[in-house]
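The values are calculated or read from the model by the stated rules, or taken from the named source; none is laboratory data. Quick caveat, the model's predicted, so the values are computed rather than measured. Don't worry about glycine lacking a Cβ; one is built from the backbone with ideal geometry, like all the others, and counts go over all protein chains shown.
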Amino acid sequence: MEQAISESYAGRLTRVSAYIHDHLDEELSLDMLAEIACLSPYHWHRIYHTHFGETVTATVRRLRLQRAAADLAHTDRPIAKVAERAGYDSQASFTRAFSAAFGLPPAKYREIGSHSVFKSPMPEGANVMYEIGTTNVPAMTLIAVEHRGPYMNIGKSFDLLFTMLAQRSLIRPDLRMVGVYLDDPTSVPEQELRSQAGVVVPESMTVDAPLFIAQLQGGDHAVLKYKGPYGDMRAAYDWLFGQWLPSSGREAADAPIFEEYLNSPRDTPPTELRTDIYLPLK
């Protein structure tokens, strides 16, 4: 009985997490989210906080600011429009919140944020800030869930993954978080992009849907050690494929690229997030 109640709570909270990711442009009141969770508005927020390790308000703010950083890095959308999209009624309040999270005001971030180094025509510009090299990676087994849609929204699928793992008592402190990206975002429509949110496990095992077992092939990989906001990583990919790979003397293998997340955006400032980007090589 207790396990059934626990799974019921987990499922409801995962439903709320998915709704937040999918409706960032809408008003997300605590009462409305409580209805989606089918939980008492007096207590559900505390349950959410305990389950995910941050408040609902913090989740919404983090995701909207993360998207705003991507807008600043990769579009010419006016800052006032970026602020409005992030849910701020004034550019001044957005500037304060963004500066607190990213260490720079929006205009300065657009100009000199961590994404800017990869736009340099000289590959050495990135090498100054980021370590890149090649290594032989062993084959790995993952427990994963599918994700369909924008790669920036894969956090929704990681929430589902960890909820499912917790229900099955498979959570361990040393779990390695891996995102596998199956499509080229420059040639596949954003809503059709396929990826997998997974964790590395020592051996294959039997799991039930929506979990499945996935395999990552071993072999030589280029590894870009990236530090900074997830929204800036598109520029890192452009540099990796456009400058490093052609000058490396190597060819990309016919296998998906994957990322390993070394810390969590729930308790780490965006500028301190660390991600290893693995590009398989022939």
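Tabulated values for the structure
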{"read-out": "Sole exception among (1) among the hydroxyl-bearing types (Ser, Thr, Tyr); (2) at pLDDT below 85; (3) surrounded by fewer than 13 Cβ atoms within 10 Å (Cβ to Cβ) for Thr57, by number", "value": "(2)"}
{"read-out": "Filter pass, Ala68 being in contact with a Gly (Cβ under 9 Å, 6 or more places away or on another chain) and either assigned to a helix (DSSP H, G or I) or not hydrophobic (A, V, I, L, M, F, W, C) (or both)", "value": "yes"}
{"read-out": "Residue match in the stretch 1-10 (condition: surrounded by fewer than 16 Cβ atoms within 10 Å (Cβ to Cβ), over 23 Å from Arg234 (Cα atoms), among the small types (Gly, Ala, Ser) and touching a residue at least 40 places away in the same chain (Cβ under 8 Å))", "value": "yes"}
{"read-out": "Flag if Asp276 is outside any helix (DSSP H, G or I), at pLDDT 95 or above and either in contact with a Ser or Thr (Cβ under 9 Å, 6 or more places away or on another chain) or of a type in the set (Asp, Glu) (or both)", "value": "yes"}
{"read-out": "Whichever residue in the stretch 242-275 is over 25 Å from Ala214 (Cα atoms) and among the charged types (D, E, K, R) and, among such residues, is surrounded by the most Cβ atoms within 10 Å (Cβ to Cβ)", "value": "Arg250"}
{"read-out": "Complete set of residues in the stretch 181-193 that are surrounded by 14 or more Cβ atoms within 10 Å (Cβ to Cβ) and either at pLDDT below 90 or in contact with a Lys or Arg (Cβ under 6 Å, 6 or more places away or on another chain) (or both)", "value": "Leu182, Asp183, Pro185"}
{"read-out": "Subset of the stretch 223-273 that is of a type in the set (Phe, Trp, Tyr) and in contact with a helix residue (DSSP H, G or I) (Cβ under 9 Å, 6 or more places away or on another chain) - its residue that is modelled with the lowest pLDDT", "value": "Trp239"}
{"read-out": "Residue in the stretch 205-221 that is within 30 Å of Phe102 (Cβ to Cβ) and modelled with pLDDT of 95 or more present", "value": "yes"}
{"read-out": "Residue within the stretch 174-184 that is hydroxyl-bearing (Ser, Thr, Tyr), in contact with a helix residue (DSSP H, G or I) (Cβ under 8 Å, 6 or more places away or on another chain) and under 26 Å from Lys282 (Cα atoms) present", "value": "yes"}
{"read-out": "Pairs with Cβ under 8 Å, 6+ apart, first in the stretch 244-268 and under 30 Å from Phe52 (Cα atoms), second in a loop (DSSP other than H, G, I, E, B) and among the basic types (Lys, Arg)", "value": "Glu260/Arg176"}
{"read-out": "Qualifying residue in the stretch 103-111 (condition: of a type in the set (D, E, K, R), under 25 Å from Ser17 (Cα atoms) and at pLDDT below 90)", "value": "no"}
{"read-out": "Residue match in the stretch 199-215 (condition: surrounded by 15 or more Cβ atoms within 10 Å (Cβ to Cβ) and either without any contact (Cβ under 8 Å) to a residue 40 or more places away in the chain or closer than 27 Å to Pro106 by Cβ (or both))", "value": "no"}
{"read-out": "The listed residue being crowded, with 16+ Cβ neighbours inside 10 Å, in contact with a Pro (Cβ under 7 Å, 6 or more places away or on another chain) and modelled with pLDDT of 95 or more, out of Val178, Val145", "value": "Val145"}
{"read-out": "Selection within the stretch 24-36 - without any contact (Cβ under 8 Å) to a residue 60 or more places away in the chain and either surrounded by fewer than 14 Cβ atoms within 10 Å (Cβ to Cβ) or more than 23 Å from the chain's Cα centre (by Cα) (or both)", "value": "Glu26, Glu27, Ser29, Leu30, Asp31, Met32, Ala34, Glu35, Ile36"}
{"read-out": "Test: residue in the stretch 205-213 that is closer than 16 Å to Glu131 by Cβ and outside the structural domain of Arg62 (by TED's automatic domain parsing)", "value": "no"}
{"read-out": "Verdict on Ala73 being assigned to a helix (DSSP H, G or I), farther than 23 Å from Phe162 by Cα and touching a Lys or Arg at 6+ places or on another chain (Cβ under 9 Å)", "value": "yes"}
